[in-house]
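Take a look at the structure set out below.
The values are calculated or read from the model by the stated rules, or taken from the named source; none is laboratory data. What you see is a predicted model; the values in this text were computed from it and never measured. Because the Cβ atoms are built from the backbone with ideal geometry, glycine has one as well, and the counts that use them run over all protein chains shown. The accessibility values were calculated without ligands, DNA or RNA, using every heavy atom of the protein model including side chains. Shrake-Rupley method; radii C 1.70, N 1.55, O 1.52, S 1.80 Å.
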Amino acid sequence: KELGKDYLPATAKQYAKKGKGQDAHEAIRPIDVTLTPGKVKQFLPADAAKLYELIWCRFVASQTKPAQYAQKQVTVVGGPYTFKVTGSTLLFDGFLKVYADDEDKEEKITIPLKIKEKEPLDLKKLTPKQHFTQPPPRYTEASLVKELEKSGIGRPSTYATIMNKIQSRDYTIKEAGRLKPTELGCVIALLLENNF
């Protein structure tokens with residue numbers, strides 16, 4: 001009714017969670033989807049209205065059709081160098097109409113539509129940059145919990161205890177919001193890897 005029939009899939013989407021985790025948070029849903037954030041905003045305190053909007057938008061987005069993109073890859077050969085760029089154009093916004101996270105809002109690379117195969121191009125500007133491969137960033141508490149969940153280690157009720165233990169026993173220390181292993185933590189990890 002709000003978005004139009006183009007956004008409604010043929011059948012309701014069903015999601016199944018792998019593993020045996022306690023996912024009580026998965027039950028957080030709007031009681032009545034017709035109570036849009038705009039309708040209930042006047043009856044709620046500001047923080048509650050923002051929370052309701054987040055829950056409502058996420059739920060409705062989970063039931064709409066996916067976004068569709070047209071992707072184009074261009075390879076430019078210039079002497080001994082080869083340059084590749086991939087860009088995408090949004091064809092249908094789908095769930096993004098209701099819920100777009102920061103990753104979806106990032107500026108995308110746009111490739112001119114008029115480029116033809118084997119067409120000579122004029123170099124207008126060259127910005128030389130050297131890029132070194134970076135190791136993955138250290139875990140934050142949130143990213144470590146995600147990794148534990150993905151690996152099937154522990155359950156939601158034990159994650160806080162795990163975070164507390166690895167810091168209270170000096171296996172890790174927090175530096176700039178990230179967990180850094182201590183010397184003791186590295187020795188313990190090595191012993192566990194070698195013996196278990």
Ellipticity estimate at 222 nm from DSSP helix runs (n ≥ 4, -39,500 (n - 2.57)) divided over the chain, nearest 500: -9500 deg cm²/dmol
Toward the positive end of the charge dipole of the chain, about the Cα centre and with charges on Cβ (Lys, Arg +1; Asp, Glu -1), which of S168, Q130, L113 goes farthest? L113
Do any of K50/K150; K72/K97; K5/K39; K5/K84 go past 31 Å between their Cα atoms, and which? K5/K84
Considering the Cα trace of region 104-196, what is its radius of gyration and what is Dmax, both in angstroms? 22.5, 63
Mind listing the phi-derived Karplus ³J(HN,Hα) values for region 135-148, rounded to whole Hz, using 6.51, -1.76 and 1.60 with θ = phi - 60°, and x for any glycine or proline? x, x, x, 5, 5, 8, 4, 5, 5, 5, 4, 4, 5, 4
Taking R0 as 25 Å, what FRET efficiency do you get between Q167 and L191 from their Cβ-Cβ distance, rounded to the nearest 0.05? 0.85
Inter-label distance for T82 and I111, nm, one decimal - labels placed 7 Å from Cα along Cα-to-Cβ: 1.5 nm
Spelling it out for F92: with amide H atoms placed in the peptide plane at 1.01 Å from N, the residues 5 or more places away or on another chain with amide H under 5 Å from its amide H are Q68
Hey, what's the per residue convex hull volume over the C-alpha atoms of the chain, in cubic angstrom? 267 Å³
Could you derive backbone 3J(HN,Hα) for region 38-45 from the dihedral phi with the Karplus parameters 6.51, -1.76 and 1.60 (θ = phi - 60°), listing whole Hz in sequence and x where the residue is Gly or Pro? x, 6, 9, 3, 5, 9, 10, x
Accessible heavy-atom area order of F83, F59, highest first, probe of 1.4 Å: F83, F59
In whole percent, and with a 1.4 Å probe on the protein chains, what portion of the accessible area of region 62-196 is carbon and sulfur? 55 percent
Keeping every protein chain present and rolling a 1.4 Å probe, give me the accessible area per residue for region 39-196 in Å². 84 Å²
